[in-house]
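Below is one structure, written out as structure tokens; comments come after it.
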Amino acid sequence: MADELTLKDLQEEMGKTFEAFKEANDKALKEAETRGGKATAETQEKVDALNETITELKKSIEEIEKRAGRTGNLKTPEGGDDAEKELRAQAYEKYIRYGMGENAAVDMSPEEKRALAGTADDDGQFLVPSDFETNLIMKAFDLAEVRPLCQVGTTSRDSVKMGALGKPVVAWGTRGLAVDEKTLGTGGIIIPVKNIRALHLVSNDTLDDTAADIMGELAQAFELAVAEAEDDAFITGDSPDSPRGILVHPQVQANKTMSGVSGDISDATHNGIDALKAILYALKKVYRRNATWAMNSTTEGVYRALKDGDGRYLWDTGLDKEGVPTLLGKKVINPEGMPDISAGNYPVLFGDFKSGYKIRDRSGIVIKRLVERYAEYDQTGFLLKKRVGGGVALPEAFRCLKISA
């Protein structure tokens with residue numbers, strides 16, 4: 001109930017702030033008409049401050065909505081009785097705090113050693129307890145922008161080969177279900193599973209403090225790092241060590257609309273909205289129905305201030321509908337690693353993420369202790385390794401905006 005009340009309060013505050021923003025922005029536009037294209041510094045500062053407040057309110061609203069609307073794309077905890085799981089969790093925390101073996105500050109009991117013995121990966125590192133992994137994935141899911149929109153699955157392999165057809169071939173009757181040999185010959189896309197690593201340092205005093213929630217600290221540190229890194233990779237990843245992002249796929253880039261303005265989205269002759277409308281309606285209706293805009297918060301703030309030829313704002317709080325802010329009637333997510341508005345960049349993506357992008361998680365997260373490397377600083381390093389792959393399965397499910405040179 002507290003979340004519901006908080007959500008309502010935030011939405012009402014969003015509505016009031018947006019009305020104040022529109023009033024200030026209208027004033028700025030009128031001032032610009034008589035001052036060589038620029039509003040007074042005082043008015044512009046007010047517009048920028050209100051715009052930033054809306055961005056922060058939107059983030060807070062989305063955090064509550066994500067917590068309330070988790071899906072079933074999460075790993076099911078491993079089997080076993082509660083006593084066994086509790087023993088393993090106890091043993092793992094002791095390993096995290098003190099290490100294991102002859103140099104460990106605290107010895108493990110034979111039962112604790114046995115509880116960990118069967119959970120080592122190929123490199124000899126212990127897998128984190130299933131509850132820790134599940135909670136980390138759940139919280140990273142809450143913080144992520146891209147993952148909740150995509151089709152997510154699991155794998156036990158180092159790579160996943162998808163079917164040769166991006167979507168089914170359809171025909172009436174018994175004829176016409178033919179797939180050309182070229183399509184069959186090239187096969188489906190291959191999604192390689194990559195390793196994502198995150199390093200966190202903990203004071204040795206904290207490790208020795210039995211009252212400190214060391215597992216909670218590690219989870220809190222890693223969940224945000226993983227969510228941000230995945231968001232960046234799924235959109236702009238272009239490294240052989242990361243999943244390949246949507247915006248670097250050549251066929252997605254080919255599905256572009258130019259801004260028509262050198263290095264920007266609008267000028268005296270381009271309102272910036274027409275290019276977005278072109279993107280919106282260039283996407284096939286079957287994908288447009290479930291499509292979402294993706295852009296960083298700065299870019300969304302720019303679009304929030306734009307009006308169409310009839311003087312209407314196309315960004316809306318959505319309070320009269322589902323309470324979800326929209327642009328041209330479609331939800332906006334903010335992967336902050338997306339490019340800014342600059343010549344040659346692709347700052348805006350629009351599409352049906354669930355149809356167009358596949359994510360495959362390989363179960364098993366490990367955390368490696370790094371003792372000697374940071375010993376002189378009285379710190380212990382913890383290196384998390386998680387395995388995940390991602391790839392564009394259907395380029396036609398996306399359209400993008402490219403800023404003209």
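Every number in this text was worked out from the coordinates using simple rules, so none of it is lab data. No experiment lies behind these values; they were computed from the predicted model shown. Backbone-built Cβ (ideal geometry, glycine too); neighbour counts: all protein chains shown.
Work out, step by step, the length gained on full extension between ALA83 and ALA32: first 0.36 nm times the residue separation, then minus their alpha carbon distance; give nm to one decimal. Can you show the working numbers first?
Numbers: separation 51, 0.36 × 51 = 18.36 nm, distance 6.98 nm.
Full extension from ALA83 to ALA32 adds 11.4 nm.
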Which length gain, in nm to one decimal place, applies between THR154 and ASP238 when the Cα-Cα distance is subtracted from 0.36 nm times their residue separation? 28.0 nm
With a Förster radius of 35 Å, plug the Cβ-Cβ distance of ALA343 and GLU42 into 1/(1 + (r/R0)^6) and report the FRET value to the nearest 0.05. 0.70
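So how strong a dipole does segment 198-293 carry about its Cα centre when Lys and Arg Cβ are +1 and Asp and Glu Cβ are -1, to the nearest 20 debye?
Numbers: 7 positive and 15 negative charges, 277 e Å.
About 1320 debye.
So for MET295, MET14, MET215, fewest C-beta neighbours within 10 Å to most, what's the order? Walk me through the numbers before you get to the answer.
Values: MET295 26, MET14 22, MET215 19.
Taking fewest neighbouring Cβ atoms as first place, the list is MET215, MET14, MET295.
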Using +1 at the C-beta of Lys and Arg and -1 at the C-beta of Asp and Glu, which of ALA282, SER203, ILE367 has the Cα lying farthest in the positive direction of the dipole of the chain? ALA282
Cα-based Debye curve of the chain sampled at q = 0.09 Å⁻¹ gives log₁₀ I(q)/I(0) of -0.68
The chain, Gaussian network, Cα under 10 Å: of ALA219, ALA83, ALA198, the residue fluctuating most is ALA83
Can you compute the charge dipole magnitude of segment 323-380 about its Cα centre, using +1 on each Lys and Arg Cβ and -1 on each Asp and Glu Cβ, nothing else charged? Give it in debye, rounded to the nearest 20. 460
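Quote the FRET efficiency, to the nearest 0.05, computed for GLU56 versus ASP107 with a Förster distance R0 of 56 Å and r equal to the Cβ-Cβ distance. Please list the in-between numbers first.
Details: r = 49 Å, r/R0 = 0.88.
Efficiency computed from Cβ-Cβ geometry: 0.70.
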Peptides ranked, highest mean first, by Cβ atoms within 10 Å: ranges 26-39, 87-100: 87-100, 26-39
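Restricting attention to segment 298-399, which GluC sites (Glu not before Pro) occupy a DSSP loop and are surrounded by at most 16 other Cβ atoms within 10 Å? Show your work: numbers first, answer last.
Working: sites: GLU300, GLU322, GLU336, GLU372, GLU376, GLU396; in loops: GLU322, GLU336.
Taking segment 298-399 and a limit of 16 other Cβ atoms within 10 Å, the loop GluC sites (Glu not before Pro) found are GLU322, GLU336.
Evaluate 2.2 N^0.38 Å with N set to the residue count of segment 202-255, then give the Cα radius of gyration divided by it. Each step should come with its number before you reach the end.
Numbers: Rg = 18.0 Å, N = 54, 2.2 N^0.38 = 10.0 Å.
So segment 202-255 has a normalised radius of gyration of 1.80.
Size of the dipole of the chain about the Cα centre, Lys and Arg at +1 and Asp and Glu at -1 on the beta carbon, nothing else charged, in debye to 20?
2380
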Under 16 Å between alpha carbons, and skipping anything fewer than 8 positions from LYS66 in its own chain: which lysines qualify? LYS8, LYS58, LYS139, LYS331
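Semi-axes of the equivalent ellipsoid of segment 302-405: what are they in whole Å, largest first, if each equals the square root of 5 times a C-alpha gyration tensor eigenvalue?
On the way: eigenvalues 316, 75, 57 Å².
Value: 40, 19, 17 Å, ordered largest first.
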Give me log10 I(q)/I(0) at q = 0.19 Å⁻¹ for segment 296-362, Debye formula, one equal scatterer per alpha-carbon, no solvent. -0.90
Set the bar at 30 Å for Cα to Cα. Now go through LYS85/LYS161; LYS285/LYS321; LYS30/LYS256 and name every pair that lies beyond it. LYS85/LYS161; LYS30/LYS256
Along the charge dipole of the chain, Cβ charges K/R +1 and D/E -1, which of VAL302, ALA117, LEU7 sits furthest on the positive end? VAL302
